[in-house]
Every structure is written in structure tokens, then in C-alpha cells.
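Everything on this sheet refers to the single structure shown next.
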Number of protein chains: 2
Amino acid sequence: MDKTNWKLLKLLEGNGRLTYAELGKLVHLTAPAVAERVRKLEESGVITGYSVQVNLEKVGIPITALVECQVYRTKEREFKALVMDLEEVIECYNVTGPYAFVLKVGVKSMSKLDALLERLIDLSDTNTMMIMTTPVKRIMPLNIAQED
Amino acid sequence: MDKTNWKLLKLLEGNGRLTYAELGKLVHLTAPAVAERVRKLEESGVITGYSVQVNLEKVGIPITALVECQVYRTKEREFKALVMDLEEVIECYNVTGPYAFVLKVGVKSMSKLDALLERLIDLSDTNTMMIMTTPVKRIMPLNIAQED
DNA sequence: ATTGAAATGCAGATGTT
DNA sequence: AACATCTGCATTTCAAT
């Protein structure tokens with residue numbers, strides 16, 4: 001992980017479809033050299049994939065929320081299975097503390113959110129926070145030291 | 001937003017670097033037809049960008065946490081400015097409820113996390129949940145109705 | 001369908017340990 | 001000296017009009 005690889009990751013964070021030729025110009029290397037570096041980053045598991053970024057509002061999901069779930073002790077396995085099956089769940093974090101799980105969910109309407117919470121409430125006590133804005137959204141921290 | 005566009009979004013969610021030719025094979029269209037659809041999705045703001053996915057552990061960030069911040073009423077503006085400046089913050093959500101902000105942070109060590117919380121605590125009461133696993137991580141819900 | 005650009009594979013060169 | 005990495009070139013595939 002030298003400085004050039006960090007630059008490549010940061011550039012690909014900003015635009016995951018940059019060509020090797022374009023990346024090469026930005027890091028002062030030729031396209032094959034960049035391709036080789038990126039290939040190694042992929043093979044070593046540093047890069048796990050590439051994805052599109054979507055505006056949820058524009059695809060009919062105007063409501064997103066964080067749902068903390070204090071799962072009943074005997075229902076953890078069942079809860080996890082449910083969450084992985086629920087279509088509205090965008091992210092699920094298994095965390096320390098009384099709220100064992102925090103979900104990020106996206107729904108088309110408040111009634112859909114209500115229906116979703118009804119399903120979760122059988123297995124957990126929930127606390128819902130509606131997301132109003134997202135001032136920061138990154139792929140990784142900015143502070144990663146650039147040592148070799 | 002017809003079915004084909006949904007398929008394209010889902011395919012690009014899985015691999016944001018698929019070529020138009022590859023996408024075309026998967027949705028039974030020619031490459032130029034796909035390129036035109038993707039261009040329109042970009043222009044209309046449905047697609048907001050493309051990005052790489054990175055394994056944080058492999059880049060030296062073994063610790064991630066969710067930090068709920070109950071910001072002091074007079075310090076909201078200051079808090080927001082701080083959060084947008086903090087390198088460790090990966091995501092920041094402004095939410096309803098007493099915890100006005102929820103952060104996702106990534107750090108190299110627990111002492112770095114401690115230092116980060118020290119900075120936040122001047123402007124808010126915090127509650128930290130260490131992320132153990134992430135059973136679900138998607139770009140959008142799966143349940144988006146495929147109406148035209 | 002045609003033109004220009006990009007990706008890929010390979011041989012030779014360079015530089016580092 | 002050996003290994004890794006870069007360059008330059010040729011071929012194939014892709015993008016764009």
C-alpha cells in the first residue's frame with residue numbers, strides 16, 4: 001500500500017468507472033501499470049467490488065430511517081434471519097450494547113414503515129430515527145496513514 | 001423506470017464496472033441502447049455516481065463504530081462543522097429524536113476512538129456502539145416496485 | 001457500421017533488495 | 001543476482017457518433 005495505491009483508491013472512490021488510462025494520467029503511470037496495481041488490490045481483497053450510487057428519492061424511496069433493535073435474548077437467530085430476508089433493509093449492523101442491531105431501512109411510505117416495524121416488534125424492542133439529511137457519506141475514512 | 005432500467009441498476013449495484021456490451025447481453029439489448037439508458041439515468045439524477053468498495057480491515061481500519069450524538073442545543077452548527085471536518089467519520093446522519101446525529105466512524109485503534117469521542121463530547125453527549133458484523137449492506141432496498 | 005479509445009497480453013528495460 | 005514493477009507495442013474489445 002504505497003502512496004500511488006492510496007491515490008488510486010481515492011480516485012476510484014470518487015469515480016469507480018475511471019479507465020486505467022485516465023487513472024494513469026492522474027498518478028503518472030501507464031495504463032498497464034495501473035491495471036496491474038488495481039488487479040492486485042482486487043486479488044488481495046482490498047478492493048471488494050464496484051457499485052453504482054443511486055438517489056433513493058428518485059427511485060421512489062423517499063423515506064429512510066435508522067432502527068435500533070433490542071432483540072429478545074432467545075430470538076437473536078430468528079431476528080437475524082428475518083432481517084436478511086426483509087427487502088426494506090439496506091444495511092444491518094450487529095453492534096455491542098443493549099441495541100444489538102441497528103438497521104438502515106428504506107420505504108415508499110410511512111405506512112410501509114409501520115408495517116415493517118410491526119414485523120420487527122415481535123422479536124425486539126425498536127427505536128426508530130428518521131433520517132433527515134446525510135451530511136457525510138464516504139467509502140472510507142480520510143485519515144488513513146500513507147505508510148508503505 | 002421500466003423493468004429493464006431496474007435490471008440495469010441491480011446489475012450495476014453488483015458490479016459498477018460492467019461494460020455496456022456486458023450489460024446488453026444480460027438485458028438483451030445492444031450496447032448503444034444500454035449506453036443511452038444509462039446516460040439518461042445519470043442525467044436524470046437516478047444514478048449519482050460510481051464507486052469502489054473497500055475492505056476497511058485490509059487498509060488498516062479494523063475498528064468501526066456507530067456513535068449517537070445528543071448535541072447541545074446551542075452547538076448544532078458547530079457540531080455539524082466539526083463532523084464534516086473529522087477524518088474518521090465515514091457517514092453522518094441527521095435524524096429525528098434526542099440523538100440528533102448518528103455517525104459511522106472508522107479508526108485504527110481504540111485510543112484513536114477515544115480521542116475522537118473526546119472531541120465530540122465537548123458538543124454533545126455520545127453513545128457508542130461498536131460494529132461487530134454487517135450482515136446486510138446494499139445500495140437500495142430490494143422491494144422497489146417495478147412499475148413503469 | 002465505422003472510427004477512435006481503452007483493455008489486455010507480452011517482451012524488454014529499469015530499479016530495488 | 002533476483003524480484004517486482006514499469007514502459008512500449010500489438011491485438012482485441014469497447015465506446016461513441
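The values are calculated or read from the model by the stated rules, or taken from the named source; none is laboratory data. Every value quoted in this text rests on a predicted model; they were computed, and no experiment measured them. FYI the Cβ positions are ideal-geometry reconstructions off the backbone, even for glycines, and counts take in every protein chain you see.
What strands (runs of 3 or more DSSP E), lying completely within segment B:54-139, carry at least 3 residues that are more than 19 Å from A:M140 (Cβ to Cβ)?
It comes to B:63-71, B:124-137.
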Would you call A:L9 within 14 Å of DNA strand C (Cβ to nearest atom), surrounded by 13 or more Cβ atoms within 10 Å (Cβ to Cβ) and within 11 Å of chain B (Cβ to nearest Cβ)? no
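For A:M84, are the conditions met, namely being surrounded by fewer than 21 Cβ atoms within 10 Å (Cβ to Cβ) and at the interface with chain B (Cβ under 8 Å from one of its Cβ atoms)? Show your work before the answer.
Numbers: surrounded by fewer than 21 Cβ atoms within 10 Å (Cβ to Cβ): yes; at the interface with chain B (Cβ under 8 Å from one of its Cβ atoms): yes.
For A:M84, the condition - surrounded by fewer than 21 Cβ atoms within 10 Å (Cβ to Cβ) and at the interface with chain B (Cβ under 8 Å from one of its Cβ atoms) - is met.
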Scope segment A:82-106; condition hydrophobic (A, V, I, L, M, F, W, C) and touching a residue at least 40 places away in the same chain (Cβ under 8 Å); matching residues: A:L82, A:V105
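When the residues of segment A:22-38 are narrowed to those that are without any contact (Cβ under 8 Å) to a residue 12 or more places away in the chain and assigned to a helix (DSSP H, G or I), which ends up nearest to A:V136 (Cα to Cα)?
Per the criteria, the residue is A:E22.
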Give the residue, chosen from A:L11, A:L41, that is in contact with a helix residue (DSSP H, G or I) (Cβ under 7 Å, 6 or more places away or on another chain), part of a helix (DSSP H, G or I) and free of Cβ contacts under 8 Å to residues at least 24 places away in the same chain. A:L11
With the requirement that a residue be closer than 30 Å to A:T4 by Cα and at pLDDT 95 or above, what does segment B:60-76 give you? B:I61, B:P62, B:I63, B:T64, B:A65
Given the condition among the β-branched types (V, I, T), at pLDDT 95 or above and within 30 Å of A:E13 (Cβ to Cβ), answer yes or no: does some residue in segment A:110-127 qualify? no
Does segment B:61-71 include one or more residues that are assigned by TED's automatic domain parsing to the domain that holds B:S111, within 27 Å of B:V105 (Cα to Cα) and of a type in the set (D, E)? yes
Of the residues in segment A:59-81, those that are within 11 Å of another protein chain (Cβ to nearest Cβ) and over 19 Å from the mean Cα position of the chain (by Cα) number 3
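Could you pull out the residue among B:V67, B:V59 that is farther than 22 Å from A:L8 by Cβ and buried (at least 17 other Cβ atoms within 10 Å of the Cβ)?
Checking each option against the conditions leaves just B:V67.
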Would you check if A:G14 is at positive phi, modelled with pLDDT of 95 or more and exposed (fewer than 14 other Cβ atoms within 10 Å of the Cβ)? no
Would you mind finding the one in A:V46, A:V38 that is away from DNA strand D (no atom under 12 Å from the Cβ) and within 13 Å of another protein chain (Cβ to nearest Cβ)? A:V46
Which of the residues that make up segment B:12-30 are within 13 Å of DNA strand D (Cβ to nearest atom) and within 21 Å of the chain's Cα centre (by Cα)? B:L12, B:N15, B:G16, B:R17, B:L18
Counting only residues that are more than 7 Å from chain B (Cβ to nearest Cβ), crowded, with 19+ Cβ neighbours inside 10 Å and among the β-branched types (V, I, T), segment A:93-125 contains a total of 2
Identify, by number, the condition in (1) crowded, with 17+ Cβ neighbours inside 10 Å; (2) small (G, A, S); (3) within 16 Å of DNA strand D (Cβ to nearest atom); (4) over 29 Å from B:R39 (Cα atoms) that A:A33 doesn't meet. (1)
